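Everything on this sheet refers to the single structure shown next.
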2 protein chains.
Amino acid sequence: MALLVTKFGGTSVGTLERIKNVAMRLKDMKNQGHDVVAVVSAMGDTTDELIDLARLTGDNLSPREMDMLLATGEQQSAALVALTLQNLGCDAISLTGWQAGIKSDDKHSKARISGIDTTRIKEELAKGRIVVVAGFQGISPEGDITTLGRGGSDTTAVAIAAALQADRCLIFTDVDGVYTADPRIVPQARKLDQISYEEMLEMASLGAGVLQSRSVEFAMLYGVDIEVLSSFENKPGTLVTEVSNMEKQRIVSGVAGDKNCVRFALFDVPDVPGIAMKIFKALARENINVDMIIQSAMRDNRNDIAFTIEQDDLKKAIPVVEKVVQEISASGYSYTDEVAKVSIVGAGMQTNPGVAAAMFEALAEENINIHMISTSEIKVSCVIDEKELEKAVRALHKKFELDKA
Amino acid sequence: MALLVTKFGGTSVGTLERIKNVAMRLKDMKNQGHDVVAVVSAMGDTTDELIDLARLTGDNLSPREMDMLLATGEQQSAALVALTLQNLGCDAISLTGWQAGIKSDDKHSKARISGIDTTRIKEELAKGRIVVVAGFQGISPEGDITTLGRGGSDTTAVAIAAALQADRCLIFTDVDGVYTADPRIVPQARKLDQISYEEMLEMASLGAGVLQSRSVEFAMLYGVDIEVLSSFENKPGTLVTEVSNMEKQRIVSGVAGDKNCVRFALFDVPDVPGIAMKIFKALARENINVDMIIQSAMRDNRNDIAFTIEQDDLKKAIPVVEKVVQEISASGYSYTDEVAKVSIVGAGMQTNPGVAAAMFEALAEENINIHMISTSEIKVSCVIDEKELEKAVRALHKKFELDKA
């Protein structure tokens, strides 16, 4: 008997028929003697439909009110899953984020979980109930409803698994695991049986789209084993866990492409201490995540700074950058969203020199120009033209022989 | 400057266009210097759509989960009204029932407000904000979301008005006030400028449909002046308040018809003390409201008992009645929903004998058979065949000359 925390995304609960499948799977787990918590997203396009509705009220969409509106999507699907379970003769109860004790900061629309009071969940589990929790949401210190941002239901699930010291966190999704590359781009891509937290983290932050980064960070921090698996097929998925010896041998585990990328360039930035801080502090204040940063070689005590952000943040970023450019007396700025990021990820990279060089070589062979480069211990990323992305992913997948087991 | 609590029903917030009208009216009130609280229902058919969705999960719809599901409708409309106000340049905040401090008992789907903690509402008003509260919902002592039943948003508004000692509670609806009879049935029906709590209470409980009874009880108990008025036209409505001298002169204020009525008959009930208690206690235990009760003349120490309930409660009532019939050794029972209730209401009735007689005469003149009669100090009700209802309403409106001011 184990304590399992499961998570079902919007596609998995997209229709009442699919909700019935989800309920059947949960019932099976319960019948096998497990304690079961299920975290659910909003049904299908509910969140997008609510956003469209809100847009009709005007352009000024305060995050506090948007969270109030959007949190209803998960509340509805949680109640419907609980009703379906009850109709299958299975005792169940749905809880909103705040009822499940999910506490967050007050950064509406991008809130971070600050703690979980598991009292209510434990009480309900002790009654033999399947506990269905509305994902993606929490409550701020002021008692306002917050949302954790897109993909926040993953984080809810992993955080609950950590707080309950669950045996495993099962993330059911519309893909059946983590692949060496997007199979839609690379038909030879293979499903990985296992991947380390660090690798998954890089994959997630690179837009591989299977798990939200924050959820992987949580899992790594608290040692939660995550299994990513299909909600439609009954077969093993990919286990995200501590890196194993076997896995360490693999130099490159996967190739990820990310189109959700905008590149800003600031021209002729004075070369004075504290200037970079000014730019990035201003962006941080608006909750804009900056990904890569490149500072070009100095020339006449002035230099150019380039950085990338997510496309969602573009509208917020423009006035911030505009203001900073004036404040620091840069000569101007530009931005483009016709760029993309391609990355290779692998825990074995740290002990194998020459991986980055092989990557640049593969891109050069395809005549793909590299605009920016950034590296970490287990990852190399290049910003390239968006139109070259698929070609780049295929070339790298081949170069590192990822189709071979 | 006054403190106004307003309420807008589902039709008034049925579309984004209508929500904009609501927001304009609220903004006008605020600009006139008033403090404004707005209680809103779910948009249009949202509640019915959610119920339809829930029915697809099976027949067993636990009230606790249904409340969880349905409460999202008002949360959504509250957020959308707040967003619209903000887009009109008006500071506003939406609150769920629990955020607004609406405490209730745990009778899911029919919960009663047990108290209001106005701390948060007062804080937000003090910041100069229009406070938009999700109607129809509260929180149980266990921390579960409850709903107050159909029309519960009226009760939310009046209860908040009472708790805040508001100057007036404005109930905006799709009719422009309280009429002497339903204008769709009686074209000569007149709008009343004023009506007493007691009269309104009888009207409401008789299905006149303008205000929920519970909200009128609250208003009477706490002396809250309610104005019922149109959300589409800008003109005075009907004031529901303490009875005035002028109003006391009016013998009959209105005629109400109610089709939401099921009549049960229990045959050959033993004439033993405590038998009636058994029947009605069993129904009360299931939260079924019994309206009229008639016990026919005794015959061989056995007699027939008839009573009426609302149609919504029929499904719940049948097994209860079935069980009681066996327990008390009655010979059987029957029920029909092909009946309706027609009533005359008037505060002046108490001091004017012969009103009931005039009513029976009017019905007799139209050849309408009376199945059950019940009277209170300010009301006479008759159960008749449902198909005769409109004819009865018209006859009574004419008999008591309600078309004349």
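The values are calculated or read from the model by the stated rules, or taken from the named source; none is laboratory data. As the structure is a computational prediction, the values presented were derived from the model and not from experiment. Cβ sites come from the backbone with ideal geometry, for glycine too, and all protein chains shown count toward neighbours. The area values use the complete protein model at the heavy-atom level, side chains included, leaving out ligands, DNA and RNA. Shrake-Rupley method; radii C 1.70, N 1.55, O 1.52, S 1.80 Å.
Between B:LEU125, B:LEU88, B:LEU164, the distinction of being more than 24 Å from B:ASP313 (Cβ to Cβ), open to solvent by 10 Å² or more (accessible area, probe 1.4 Å) and facing another protein chain (nearest Cβ under 9 Å) belongs to B:LEU88 only. For A:GLU322, the test of being of a type in the set (Asp, Glu), within 20 Å of the chain's Cα centre (by Cα), at pLDDT 85 or above and open to solvent by 70 Å² or more (accessible area, probe 1.4 Å) is failed.
Since A:MET349 meets every condition but one in (1) open to solvent by 50 Å² or more (accessible area, probe 1.4 Å); (2) within 22 Å of A:ILE195 (Cβ to Cβ); (3) part of a helix (DSSP H, G or I), which condition does it not meet? All conditions pass for A:MET349, except number (1). Among residues of segment A:164-183 that are polar (S, T, N, Q), those with a Cβ under 6 angstrom from a residue that is outside any loop (DSSP other than H, G, I, E, B), sequence gap 6+ or separate chain, pair up as A:THR180/A:GLY254.
Across segment B:18-65, the number of residues qualifying as within 12 Å of another protein chain (Cβ to nearest Cβ), over 27 Å from the mean Cα position of the chain (by Cα) and open to solvent by 40 Å² or more (accessible area, probe 1.4 Å) comes to 1.
Check whether at least one residue in segment B:179-196 is within 16 Å of the chain's Cα centre (by Cα), at pLDDT below 85 and open to solvent by 50 Å² or more (accessible area, probe 1.4 Å), and report yes or no. Scanning segment B:179-196, I find no residue that is within 16 Å of the chain's Cα centre (by Cα), at pLDDT below 85 and open to solvent by 50 Å² or more (accessible area, probe 1.4 Å), so the answer is no.
Looking only at segment B:91-122, residues that are buried (at least 21 other Cβ atoms within 10 Å of the Cβ), β-branched (Val, Ile, Thr) and within 11 Å of chain A (Cβ to nearest Cβ) come to 2 in all.
Counting the residues of segment B:352-372 that are free of Cβ contacts under 8 Å to residues at least 60 places away in the same chain and in contact with a helix residue (DSSP H, G or I) (Cβ under 9 Å, 6 or more places away or on another chain) gives 12.
In this structure, A:THR72 qualifies as at the interface with chain B (Cβ under 10 Å from one of its Cβ atoms) and buried (at least 24 other Cβ atoms within 10 Å of the Cβ). Specify which of the listed residues (A:ALA330, A:ALA306, A:ALA392, A:ALA317) is assigned to a strand (DSSP E or B), touching a residue at least 24 places away in the same chain (Cβ under 8 Å) and open to solvent by less than 50 Å² (accessible area, probe 1.4 Å). Step by step, each of A:ALA330, A:ALA306, A:ALA392, A:ALA317 is checked, and only A:ALA306 is assigned to a strand (DSSP E or B), touching a residue at least 24 places away in the same chain (Cβ under 8 Å) and open to solvent by less than 50 Å² (accessible area, probe 1.4 Å). The condition of being basic (Lys, Arg) and assigned to a loop (DSSP other than H, G, I, E, B) holds for only one of A:LYS341, A:LYS404, A:LYS398, that being A:LYS404. Look at segment A:219-241: where a residue is more than 16 Å from A:VAL22 (Cβ to Cβ) and a partner is acidic (Asp, Glu) and assigned to a loop (DSSP other than H, G, I, E, B), sitting 6+ places away or on another chain with Cβ atoms under 6 Å, you get A:THR241/A:ASP225. The set of residues in segment A:223-240 that are within 14 Å of A:VAL178 (Cα to Cα) and open to solvent by 30 Å² or more (accessible area, probe 1.4 Å) comprises A:LYS235, A:PRO236, A:LEU239.
Only one of the numbered conditions (1) outside any strand (DSSP E or B); (2) open to solvent by 40 Å² or more (accessible area, probe 1.4 Å) is not met by A:VAL81, and that is (2). The set of residues in segment A:49-76 being part of a loop (DSSP other than H, G, I, E, B) and not aliphatic (A, V, I, L, M) consists of A:THR57, A:GLY58, A:ASP59, A:ASN60, A:SER62. When the criteria are applied in full, B:ALA111 meets the requirement of being small (Gly, Ala, Ser), more than 22 Å from A:ARG55 (Cα to Cα) and free of Cβ contacts under 8 Å to residues at least 60 places away in the same chain.
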